[in-house]
1. Of the accessible area of the stretch 109-171, with the probe set at 1.4 angstrom, what percent is carbon plus sulfur?
2. Between TYR81 and THR156, what length in nm is gained on full extension when 0.36 nm per residue of separation is reduced by their alpha carbon distance?
3. Could you work out the relative contact order of the stretch 94-204, using alpha carbon pairs under 8 angstrom and six or more residues apart, expressed as a whole percent?
4. Using a 1.4 angstrom probe with every protein chain in place, what is the largest-first accessible-area order of LYS65, LYS111, LYS153?
5. For the pair ASP127 and GLU107, what calculated FRET efficiency results from E = 1/(1 + (r/R0)^6), where r is the Cβ-Cβ distance and R0 = 22 Å, to the nearest 0.05?
6. Give, in nm to one decimal, the length gained when the segment between SER66 and LYS93 is fully stretched (0.36 nm per residue of separation minus the Cα-Cα distance).
7. What's the extension gain from GLN119 to ARG141 if we count 0.36 nm per residue and subtract their Cα-Cα distance?
8. Less than 11 Å Cβ to Cβ from HIS159, Lys/Arg counted +1 and Asp/Glu -1: what total charge do the surrounding residues give?
Amino acid sequence: MGIEAVNSRIADIQSRMIAMQTQQATAAKTSSATSTDPASGGSFATALADAMGTQSSAASAGPAKSYSLNGKGIPTELVGYGNGKIPANALEKVGNTNHKLWAPAAESLNKMISDAKAQGVTIGITDSYRSYSEQVDVARRKGLYSQGGLAAKPGTSEHGWGMATDLDLNNKAQAWMRANGEKYGFVENTPREPWHWAYKPKSV
Ligand SMILES: [Zn+2]
């Protein structure tokens, strides 16, 4: 083999190596693009937005909205936010008060109060949804229930899911609640706290 042939062979090999390196670089670029390309992230975001959009459009549709609770009785639409970390617009006002609960609980409580009123029974609301920081505050002021106090461990309160209300009840209203509360999904489930009514509907 002459020197020219050797040089030509070397040039050939070099060009093949360059071609292979280019291919590898392209492949690497493509694979990294698959995981980090904004377009692919975008499609996940779009899918998520679509899923969320379906939920919120269903919410605005009113009766068409389907609600559900998970195995622990927590609304599936709220569980992702975390206890005491639910944005105000994910909850619903109780009537024209400033109290907020999970939408079905708010609606049921509102109906219960008006039905009671029609029967001459006055039910007031003392507390409803409670943010995490408010739970911390209540625990500091009233002590932990487990230690003889009246507050749930912050981050575990039923109030933190918009699933409990504290009611202002006179004796007549307390008796009315014990007779009728369950029809509206509200149950007295905490000893030493006759004002605390948790929303535990048989179905939603
Ligand atoms: Zn309570």
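1. 48
2. 25.7 nm
3. Averaging sequence separation for qualifying contacts and normalising by length gives 26 percent for the stretch 94-204.
4. Final ranking, largest accessible area leading: LYS153, LYS111, LYS65.
5. After rounding to 0.05, the efficiency reads 0.75.
6. Contour length minus Cα-Cα distance gives 7.9 nm.
7. On the way: separation 22, 0.36 × 22 = 7.92 nm, distance 3.59 nm.
Full-extension gain reported as 4.3 nm.
8. Surrounding charge for HIS159 is -2.
The values are calculated or read from the model by the stated rules, or taken from the named source; none is laboratory data. Computed from a predicted model, the values in this text were never measured in an experiment. Using ideal geometry, Cβ is built from the backbone for each residue, glycine included, and neighbour counts are taken over all protein chains shown. Side chains included, ligands, DNA and RNA excluded: accessible areas come from the protein's heavy atoms. Shrake-Rupley method; radii C 1.70, N 1.55, O 1.52, S 1.80 Å.
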